[in-house]
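Participant: Below: one structure in structure tokens.
Where a number appears in this text, it was derived from the coordinates with a stated rule and is not lab data. Just so we're clear, the structure is a prediction, and the values are computed from it rather than from any experiment. Backbone-built Cβ (ideal geometry, glycine too); neighbour counts: all protein chains shown.
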């Protein structure tokens, strides 16, 4: 192993990356912009959702219910309607997400001590948003019931649920999503940097020139891996600062444990990137290859949908996905305050993925050459 | 003049690159006559392609006017484009379509009426000799056939003015001759006017007229013969018995009154600075002091190439240490440094290299000649260990580079076919990287870097990105990078492809010098005349070796009463024809 040669190659890789003002921009600006945009945009929480109310009752109870709706930060009553026929167009044209239809004798029924009926018509085209909105309404209705009973001296409900959300006390979905974005962004950057590195040289014909030097494939591999990892670590650090400072997500665990995870994750991303690079003949193929890996890697990582909800066969597939492990680490360190001991089962699979993919790309360097 | 097919009046074109303005064309004016073949000659970067693109209306000049068959290009490019056919250096054939589909596509693009198509196709396919291949995929055609198909596509509408950008580069000599025949046919039968650029000086001589461009300026225009006329009395063929032509060339090119010395046959062809009498030429002392054989100096007829060189060559400043120690003919150690035995490489069904065998001795310049697609590069890549062999044996310095320890590669230098250094890195950074990759460091590395910068005259470009270098300098840089670690064996893959005669001379001067110092050199080329620089060579065609031997051996094969003094190209064509006959005999 010749360290001087490896350093020379790594240095050359950095120069090649940084001397070109366009590639320099691509490395720095987009990830930070993406972090900011995704961070603010990506949320399951729904706020100020436009809704319509069709109140057929006009009694005290229904008015109180509507004032509760009005007071909720989640909903905004944009339309008051007066007849049944108005419901469908509102939903069809996506003017409102839901219509609250209060039955004619709502207040009477409640006053008599029986239940008042409310029909909710939801736009089910986005099932996720619809069910979240329904949940909010349910919560609101429970609160309405309690308040009504208290005010009218009725001791009704026997079971009172009071929830406490651990790790994410305010149940902000941002706390769940943003640490995941960290994983996604550094995966994209490192994968692209490494996937393009060999393909670019192959396209320019410089890879042959490199192969005829006394450098061994393993030395070329290390020299090529270093820039991707260094760029990834720098980017991760910048993003971490943004997450903690700007989005105020608590970093509760051991930062060393997080960085160990970052390094292993980047190492495996580098291995995959170099593998794609070694197979590709042109940069275009390398980019296609990188995206062919990226999209399923993000979807099958637990980034947005839990792995436990996936069919079993697909769950097995996720074991090959380094992002899967990294997301557990990054969420674990951020929200649960985990340290090395609890994360060990996430570290070693990434190490194995790194070793196998790096070895395979080293082999490909020599055997995939025309 | 009303019969001018093309008229340029003070045309200029500027390009802006990295904040600098480059004058690609500077006040160029000339006319070409209808029904003539005009050659556009000039070194790389002279502005030939820019000029052709301007004429075709693909670029707009900064100033000046261009008229094609009386139509102003700038105001009415579409009208001009319907009158002219332009074949760029790399014609846009679709590799995944058959020959016929390519023709159909271009017929569609050029809006040719359906009823006229079939007769025109037949005519063109007959003329190019491609009728049997209409169902073949364009990607599977040889380089020569691709060019012929490109030409056929350009000729579909029978343009009035045909513009060809280096149509014969990398094409085998036979196809080159055929392409020329087609062009002449168009001129004589249809009265087409042709403007073509070429890097081959012998082709320039075939033109009715040539236009010489240099650094965006028009230097001269005229009949090739007229242009070379002023040089008569300045060109000689010199040979000294017992002195190797390479040594002779090196000594002569450094002699004070010699402008240019070029290896030709067994001697050296020189262009003197002034008109002299053959008897008045005094050879440098080194050549005469020892007991060498007879010196013969014969005046020869000047060629267009001489005019080109005389006009453009500023006497080389490469002051090489003229240590002409090994004047003796002893071909040093007879040990084979490179040996190739029944080497074969297949890609699926296709046999790229078919059982070739040869040996290269130490300190030899060994040439691998052949047209594009003959299998040279494939053989070459196997030698360098870049490509696994299908069968057979390769050994370089006693080792197979593919499996040998990495250190074995320290002994070889490699210069790839196309420019393959890092374009985004500066000259110094490139050299630094490659010297480090070969394990140089510290003082030694600094020394070699300084050596490379001075020897290859890169001082002014030290901090320029390699990608922005002029072509000739790119080639110098590649060569320098391959030599940083002082290799014993040098692999040069098409080092002179696309390089103009000046840069080619300079390159061979350096290569000769290295060979004189004992470096073994294996070089591939499709320039047949470059074979003269080799001690031994093999000619490849369709993956096989057609012939092996010294350049003289090859030429002797083709020598007969009709061709008392065949050129290397004649020898190649002879070999190819006799090979075909053998082939047919076998089939029969």
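Participant: Return one number: the angle in degrees, 0 to 90 and rounded to the nearest 10, between the long axis of the Cα atoms of helix B:173-185 and the longest principal axis of the Cα atoms of chain B.
Facilitator: Once rounded, one gets 20 degrees.
Participant: With angles folded into 0 to 90 degrees, how steeply does helix A:322-331 sit against the dominant principal axis of chain A? Use alpha carbons for both and round to 10.
Facilitator: 50 degrees
Participant: Can you give the FRET efficiency to the nearest 0.05 for residue A:165 and residue A:310, using r as the Cβ-Cβ distance and R₀ = 25 Å?
Facilitator: E(calc), rounded to 0.05, equals 0.55.
Participant: Rounded to the nearest 500 deg cm²/dmol, what is the calculated helix-only ellipticity per residue at 222 nm for the protein assembly as shown, with -39500 (n - 2.57) per DSSP H run of length n ≥ 4?
Facilitator: About -14500 deg cm²/dmol.
Participant: While we're on this one: When A:65, A:259, B:114 are ordered from fewest to most other Cβ atoms inside 10 Å of their Cβ, what list results?
Facilitator: Least to most surrounded, the residues fall as B:114, A:259, A:65.
Participant: Figure the gain on full extension for residue A:336 and residue A:251 (residue separation times 0.36 nm, minus the Cα-Cα span) and round it to one decimal in nm.
Facilitator: Residue separation times 0.36 nm, minus the Cα-Cα distance, leaves 29.7 nm.
Participant: Determine the distance separating the Cα centre of the range B:235-256 from the Cα centre of the range B:476-529; give it in Å without decimals.
Facilitator: Cα centres, the range B:235-256 to the range B:476-529: 19 Å.
Participant: Still on this structure, I have one more. Go ahead and collect, in residue order, the members of the range B:15-58 whose backbone nitrogen is under 20 Å from a label point 7 Å along the Cα-Cβ direction of residue B:76.
Facilitator: Zone members listed by number: B:32, B:34, B:54-58.
Participant: Arrange A:166, A:148 by Cβ neighbour counts within 10 Å, fewest through most, would you?
Facilitator: Listed from fewest to most nearby Cβ atoms, that is A:166, A:148.
Participant: Now for a separate question. So if we plug the beta-carbon distance of residue B:185 and residue B:355 into 1/(1 + (r/R0)^6) with R0 = 51 Å, what FRET efficiency do we get, rounded to 0.05?
Facilitator: Step by step, r from the Cβ atoms, then E = 0.85.
Participant: Can you put B:521, A:344, A:307 in order, fewest other beta carbons within 10 Å first?
Facilitator: By the 10 Å Cβ count, ascending: A:344, A:307, B:521.
Participant: Under a plain spin-label model, where a point goes 7 Å from the Cα along Cα-to-Cβ, how far apart in nm are residue A:363 and residue B:347?
Facilitator: The answer from the label model is 2.5 nm.
Participant: Please compute P(r) over all alpha-carbon pairs of chain B, binned at 20 Å starting from zero, and give each bin as a whole-number percent.
Facilitator: 18, 52, 28, 1
Participant: Okay, moving on. At 7 Å along Cα-to-Cβ for each site, give me the label-to-label distance between residue B:446 and residue A:44 in nm.
Facilitator: Reported label-point gap for residue B:446 and residue A:44 is 6.4 nm.
Participant: Let me ask something else about it. Rounded if a/c is under 1.5, else prolate if a/b beats b/c, else oblate: with a ≥ b ≥ c from the C-alpha gyration tensor eigenvalues square-rooted, which is the protein assembly as shown?
Facilitator: Since a/c reaches 1.5 and a/b is larger than b/c, the shape of the protein assembly as shown is classed as prolate.
Participant: If R₀ is 35 angstrom, what is the calculated FRET efficiency for the pair residue B:279 and residue B:559, using the beta carbon separation as r and rounding to 0.05?
Facilitator: 0.75
Participant: For the range B:336-549, what's the relative contact order in percent, using C-alpha pairs closer than 8 Å and at least 6 residues apart?
Facilitator: In percent, rounded to a whole number, it is 32.
Participant: Working from Cα positions, state the angle (0 to 90°, nearest 10) between the long axis of helix A:255-279 and the longest principal axis of chain A.
Facilitator: With rounding to tens, the tilt is 60 degrees.
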